[in-house]
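Chemist: Sending over a structure as structure tokens; questions will come in a sec.
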Amino acid sequence: MKKKLTVLLTLAGILGTTAAVGAEDVVEKVTGYLQKDVKVLVNGQDSALTPVYIDGKAYIPVRDAATKLGYTVNYDEANQEIELDEAADLMRASGVIVSVQAKENGNTRIELLGSTWVILNVDSSTSIKNRDGKTLTAADLKAGTQIDVEFGPVMAMSYPGQSQAVNINVQADRTVKEDTIKEVKQTDDGWQVQLGDNLILNGGKETRVMTSQGESLKWEDLKAGTKVKAYYGPFETKSLPPQSPVFLLVVQAQAPIAGLPKMSPAAAQEYRNLAWAQVKEQASHITTKQDEAVVQIVSSTEVGALPSTDEQKKLLADVQAANGAVVTVTYNTDQDELLGPLTAVFDFNTKAFIGFNVRK
């Protein structure tokens, strides 16, 4: 919300004990006195503002007072107006853009992964600047762009959360590479990850290791054979093998487990029936026919299931501890563009419902 305050000609008197304002016929020289023994309270608290008395009236600095009251100040010199913008309680995050999607309405949808996992809407009201203060556009944002962002003040209650990007500060453009880890080792300065093509990535305290659902992982969780998407750079040495600093390592979901028996059509249909009982409350959004849902056997360590009960949490933990398998049943919905498909997860051995995969 914005509020406007017309500038008084005697306003400059609040900046000191004596001030001259403007030019002939528009200005007036005024003399004021700092009243240091008078307290200015804001919401019952001492604000440390000191009033200036001019002709028996108390004045306080507009900018300082506005800050205390939760406003930002902009001066419109042409109209001699001070505009007070009500400060919004914005949220902040930093990380890398992992996906960018242009919308039909001209806006841009970006997915940020880093200090948080969030979907942000970028429109004409979003301020986008680089480190030098140059104004950019949404077209300058791409997968691998490292940003600091302010968003809000509200967030949709989805997973991940969704909100409006207010201010975006572009920090760097990182190179994006998806590959399999060949070797991981700890060094005196941090960690080194060698990818299958022999590129060496050097990680330090600033490097984040996480899943594509924003879950933090430890370096010790990385093993040879793990598929990752690396966001690194912006420079790379010309050595053999080349080396580069890595900003973000995202562990990728694995393909269905090799070597497990194929599921019979009858068994697949049984899981579809079990899954439909779990999703029937969302049936109005499902576009996949009940008997056409995709059924797969996958590793329990690679699913993004979110159990909702203690019993389901324990079941998932037990299955993962045994490196067991789960069955996923996936439905497309009319919300896929924002949230992704709806996937129900079941224990392979007991057919017990574990939860739904994280939607993205």
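Chemist: Could you please let me know if Val176 is hydrophobic (A, V, I, L, M, F, W, C), closer than 19 Å to Asp221 by Cα and assigned to a strand (DSSP E or B)? Steps first, answer last, please.
Modeler: Numbers: hydrophobic (A, V, I, L, M, F, W, C): yes; closer than 19 Å to Asp221 by Cα: no; assigned to a strand (DSSP E or B): yes.
Here the answer is no, as Val176 does not meet what is asked.
Chemist: Turning to a different aspect of this structure: Go through the residues of the stretch 39-47 one by one and say whether even a single one is at pLDDT 70 or above, among the basic types (Lys, Arg), over 28 Å from Val149 (Cβ atoms) and in a loop (DSSP other than H, G, I, E, B).
Modeler: Within the stretch 39-47, one or more residues are at pLDDT 70 or above, among the basic types (Lys, Arg), over 28 Å from Val149 (Cβ atoms) and in a loop (DSSP other than H, G, I, E, B).
Chemist: Of all residues being in a loop (DSSP other than H, G, I, E, B) and in contact with a Ser or Thr (Cβ under 7 Å, 6 or more places away or on another chain) in the stretch 260-298, which is nearest to Pro160 (Cα to Cα)? Just the residue, please. Please lay out each step first, then the result.
Modeler: First pass over the stretch 260-298, keeping only residues in a loop (DSSP other than H, G, I, E, B): 260-264, 287-289, 293.
Those left that are additionally in contact with a Ser or Thr (Cβ under 7 Å, 6 or more places away or on another chain): 287, 293.
Values: Thr287: 22, Ala293: 24 Å.
Of everything passing the filter in the stretch 260-298, Thr287 is nearest to Pro160 (Cα to Cα).
Chemist: Assuming Ser125 fulfils every condition listed in (1) outside any strand (DSSP E or B); (2) within 13 Å of Glu111 (Cα to Cα) apart from one, which condition is it?
Modeler: (2) is the only condition that Ser125 fails.
Chemist: Give me the pairs, please: first residue somewhere in the stretch 188-214 and farther than 18 Å from Ala224 by Cα, second residue anywhere and of a type in the set (S, T, N, Q), beta-carbon distance under 6 Å, and either six or more positions apart or on two chains.
Modeler: Cβ pairs passing all conditions: none.
Chemist: On to the next question. Going by what's in this entry, would Thr301 be described as at pLDDT 85 or above and not in a helix (DSSP H, G or I)?
Modeler: On the way: at pLDDT 85 or above: no; not in a helix (DSSP H, G or I): yes.
No; evaluated as a whole, the condition is false for this residue.
Chemist: Scan the stretch 319-337 and report the pairs whose first residue is within 16 Å of Gln296 (Cα to Cα) and whose second residue is among the β-branched types (Val, Ile, Thr) and assigned to a helix (DSSP H, G or I), with Cβ atoms within less than 9 Å and a gap of 6+ or a chain change.
Modeler: Close Cβ pairs satisfying both conditions: Ala325/Val319; Val326/Val319; Val329/Val279; Tyr331/Val279.
Chemist: Among all residue pairs at least 6 apart or on different chains, which show Cβ distances below 8 Å where the first residue, located in the stretch 138-157, is among the basic types (Lys, Arg) and the second is open to solvent by less than 70 Å² (accessible area, probe 1.4 Å)?
Modeler: Qualifying pairs under 8 Å: Lys142/Ile97; Lys142/Val100.
Chemist: What's the number of the condition Leu112 fails, among (1) in a strand (DSSP E or B); (2) open to solvent by 50 Å² or more (accessible area, probe 1.4 Å); (3) modelled with pLDDT of 95 or more?
Modeler: The failed condition is (2).
Chemist: For the stretch 346-360, what are the residues that are open to solvent by 20 Å² or more (accessible area, probe 1.4 Å) and closer than 18 Å to Tyr271 by Cβ? Please lay out each step first, then the result.
Modeler: If we filter the stretch 346-360 for residues that are open to solvent by 20 Å² or more (accessible area, probe 1.4 Å), which is where we start, we get 348-353, 356-360.
Hits for the stretch 346-360 are Phe348, Asn349, Thr350, Lys351, Ala352, Phe353, Phe356, Asn357.
Chemist: Continuing with the same structure: Would you pick out the residues in the stretch 309-325 that are touching a strand residue (DSSP E or B) at 6+ places or on another chain (Cβ under 6 Å) and under 16 Å from Gln278 (Cα atoms)?
Modeler: Within the stretch 309-325, Gln312 is the sole residue that qualifies.
Chemist: On to the next question. Under 9 Å by Cβ, and 6 or more places apart or on different chains, what pairs join a residue from the stretch 284-298 that is over 16 Å from Gly340 (Cα atoms) with one that is buried (at least 17 other Cβ atoms within 10 Å of the Cβ) and modelled with pLDDT under 85?
Modeler: If the second residue must be buried (at least 17 other Cβ atoms within 10 Å of the Cβ) and modelled with pLDDT under 85, the pairs left are Ile297/Ile257; Val298/Ile257.
Chemist: Something else now. If the Cβ limit is 9 Å and pairs must be 6+ apart or interchain, which residue in the stretch 341-360 that is under 12 Å from Val279 (Cα atoms) pairs with which residue that is among the acidic types (Asp, Glu) and open to solvent by less than 20 Å² (accessible area, probe 1.4 Å)?
Modeler: Phe353/Asp347
Chemist: Considering the stretch 306-345 alone, what residues qualify as being assigned to a loop (DSSP other than H, G, I, E, B) and open to solvent by less than 50 Å² (accessible area, probe 1.4 Å)? Break it down into steps so the answer makes sense when it comes.
Modeler: Here is the first cut: in the stretch 306-345, the ones assigned to a loop (DSSP other than H, G, I, E, B) are 307-309, 322-324, 332, 334-335, 340-341.
Within the stretch 306-345, Pro307, Gly324, Gly340 qualify.
Chemist: Considering only residues that are within 25 Å of the chain's Cα centre (by Cα), more than 14 Å from Arg174 (Cβ to Cβ) and without any contact (Cβ under 8 Å) to a residue 60 or more places away in the chain, which ones fall in the stretch 229-255?
Modeler: Result: Val251, Ala253, Gln254.
The values are calculated or read from the model by the stated rules, or taken from the named source; none is laboratory data. All values derive from a computational prediction rather than experimental measurement. Every residue, glycine among them, receives a Cβ derived from its backbone with ideal geometry; neighbour counts consider all protein chains shown. Heads up: the accessible areas ignore ligands, DNA and RNA and are worked out on the full protein's heavy atoms, side chains in. Shrake-Rupley method; radii C 1.70, N 1.55, O 1.52, S 1.80 Å.
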